[in-house]
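Colleague: For reference, the structure I am asking about is given below.
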Amino acid sequence: MGKAYNLVAVKFFKNSFGKKSEKKIKEFRFWEGKAQQMDIIESLHDISVQNPSVEDFSAADLKWVKFGTSERHDDVALIPYARVDDFIFGESSNVESPTRFHIERGRKRDIGSLRDIKSDTFLRYWLYWCSFGPEDYGDGGTILQSRRYRLNTRNRAARPQSMRGCTCHFVVKRLYARPALALIIYNDRRHVNKSGFICHGPLDRDAIGPRAKQVPYVGHEMQQQTMSMIYLGIPEENVLEKHIEGIQRYYGSDVKVNSLASQYVHKLGMVVKRSTHELDLDDQASIRLWAERNKKSTFYYQDTSETEPFILGIQTEWQLQQMIRFGHRSLIAVDSTFGIKRLKYPVCTLLVFDSRQHALPVTWVVTRSVAKSDISKWMKALLDRVRAVDPTWKVNGFLIDDAAAETDPIRETFSCPVLLSVWRIRRSWLRHIVKKCRNIEVQREIFRRLGEIVYSIWGGVDPSVVLEKFTQDFVDQTEFMQYFKDAWLPKFEMWLTTMKTIPLASQEASGAIEAYHVKLKMKLFDDSHLGALQRVDWLVHKLTTELHSSYWLDRYADESNSFQTVKDDYINSTSWHRALQIPDTDVTLDNNNNLFAKIVSQNDRQRVHLVWNPGSEFSFCDCEWSLRGNLCKHVVKVNMICENRKGYESSVSFQSYQEILMSMFKKPLDDSLELDMSVGWLNQIHDQIQKLVELNRSNDIGTFVSSLPLKWCEKRNRTSIGRPATVKPSSSSKNNNARKKSRKRKRLSRLN
């Protein structure tokens, strides 16, 4: 701006004064230099610290001063070091030139490494550059020679292809003498290229996306959408139609753009078809190569050795985002032993419950080891990865599905209570009853009696007596009883003890976990893949492509209100949501003995299903889905209606919950502090439960939120990682690099 003004002034003097212009120009230059010298500050102690009151601020919110000498000076501003990321985020949110800033270069010094220091000597130094520069991949652009070896040839849509030679950059110095302050030196504020033209943003029509003059803009979301549809086997014509719809949001209808989009979709389709899971003929070497190439999606890897078992922890960046979003102050569930008999290594899946309370996979751990030390390793690595992005992230509860699971690593790592889901035991019993007993009356009676054994835990009856009577009454069912004695009797006491000591999960959570288990089984145990089940690389490829794409597209369809068929299938993927669509009038209860309930089929109104033992988790339905061992919508619907009616058993989760409350009501031996603590806990739990009930019954979320009491809290510190309040002694370079990556990852996650 100053140079342009000077050129205009020189031209003005030449045109106005003719031959006398040279003298006038010299006078102008003299007084201009004097004015600059008067404004230049040579010591940082003379610059005031600025701390804008807004949460995120930009260069426009700061007062810039010139610092240096008359020969060389820069525009600088002094802010608290704790607000550096607020400045970067605000500067990235520029309306005219929205962008991201990446660290182009960085340096560091240790405390005590220098004897003589100046006011602007840095402890940490970062050069931030607009991510649309400094290289230029457009027409006639130049690429730095040092950058050529860094190009990612495997991903043609990588970030470097979007660079347009933007010159906007600034420097952040953490001061050596005053570590609590940061000096910002803005070298070039304008988002222009070397020719001075705007090179990106809404004001630049020629730079919408990477190589915009030749290739249509393909953002990360649109690329993921296209890849997901291809992985799911959707015809290329339908994929191209959706892809062009996305591109037309930027370009409108254009024949050339449509042609290029068609080539792009076809190319992606060929890449998917030609991709293979076998990176090496040896499975162990192949999975080692995969882990090396996909470090961003691998949070823990331990190769097989004589002393250590094989462990592979997989979590993509999208799964990390979902775990932070839906897992914070919420529940995490586990499907722990999938494929333990058919796969080379079983898959343990960590699940979170999304906005519709569906189970969403956020972590896959491929291993056969269930040792406490091995579980602690990958759990701590996973928590460290999450906490690197959000240091405040915390879990409220962890749902396990196996009574033999190690709970100590969960409590030590996540510091949360552990709950038990009985979906696995229910599914296993029902499947084998239907398979090994031919008479349907015998099937429902055996299932009901097994439920009685479980309910006897809270009924004041000795479960061993009920179990002995059960084995005597069904001694003629030799095939099932042989299975029960071999598979369950040795560990039955362990299961009953765990159910009594650990709170039980609800039917909705169990149904969501089971829905994920069924979907995973359909994806992996397809008949066409039976020959590859003993290869780990095939399993990993299947999880990270087809299954990952399926859940990504489900969430995208729901949140963007697109792909209506996909969205409807996603909403109705759990038995709980399918049960909500059944009208109460279609359910008829047996009011005499409460033995069964009739429910009209939603697909065939002439057909009626019978649900025996209503109100219990061990209800037996005669529909096809239930006879496969699944929790069907008819059982869930009947249990919803029986929940508040007399004469019906409460669910096992409520029985467990009631038992915990009653144990808290018991008067302590010491009528002093323990009693006060029990009263305090009960009041706190009562308030939380009351708010949850009000939230579930409320039709207007705004009215409910406005009725909540005002809660004052400290402003969230987004960037506490790597920025302590006081200067700490120097640590290893590995820890410093981890902190830098954490800050960058947080900024990117906020912009996405």
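Colleague: State the answer as a single residue: which of 389, 421, 456 lies farthest towards the positive end of the charge dipole of the stretch 373-500, with beta carbon charges of +1 for Lys and Arg and -1 for Asp and Glu, about the Cα centre.
Modeller: Of the listed residues, the answer is 389.
Colleague: Continuing with this model, one more query. Ranking 596, 197, 620, 484 by Cβ neighbours within 10 Å, fewest first, what do you get? Present the calculation step by step, with values, prior to reporting the outcome.
Modeller: On the way: 596 18, 197 12, 620 25, 484 22.
Least to most surrounded, the residues fall as 197, 596, 484, 620.
Colleague: In nm, give the distance between the simple-model label positions of residue 267 and residue 679, each being 7 Å from the Cα along the Cα-to-Cβ direction.
Modeller: 7.3 nm
Colleague: Reachable aspartates and glutamates from residue 66, Cα under 18 Å, same-chain residues fewer than 8 places away excluded?
Modeller: Result set, ordered by chain and number: 32, 39, 42, 46, 74, 75, 120, 188.
Colleague: Restricting to DSSP loop positions (anything but H, G, I, E, B) with no more than 16 other Cβ atoms inside 10 Å of their own Cβ, which GluC sites (Glu not before Pro) remain in the stretch 259-314?
Modeller: When the GluC sites (Glu not before Pro) of the stretch 259-314 are filtered for loop state and at most 16 Cβ neighbours within 10 Å, 278, 306 remain.
Colleague: Can you put 92, 195 in order of Cβ neighbours within 10 angstrom, beginning with the fewest?
Modeller: Fewest-to-most Cβ neighbours within 10 Å comes out as 195, 92.
Colleague: Given a cut-off of 30 Å, name the pairs among 485/523; 256/523; 242/542 whose C-alpha atoms lie farther apart than that in the structure shown.
Modeller: 485/523; 256/523
Colleague: Quick check on the exposure proxy: order 662, 323, 499 from fewest to most C-beta atoms within 10 angstrom.
Modeller: Fewest-to-most ranking of 662, 323, 499: 662, 499, 323.
Colleague: So what's the stretch 331-430 giving for Cα Rg divided by 2.2 N^0.38 Å, two decimals? Can you show the working numbers first?
Modeller: Numbers: Rg = 13.7 Å, N = 100, 2.2 N^0.38 = 12.7 Å.
In units of the globular-protein estimate, the stretch 331-430 measures up at 1.08.
Where a number appears in this text, it was derived from the coordinates with a stated rule and is not lab data. This one's a predicted model, so the numbers in the text were calculated from it and none came from an experiment. Reconstructed Cβ throughout: ideal geometry from the backbone, glycine too, with neighbour counts over all protein chains shown.
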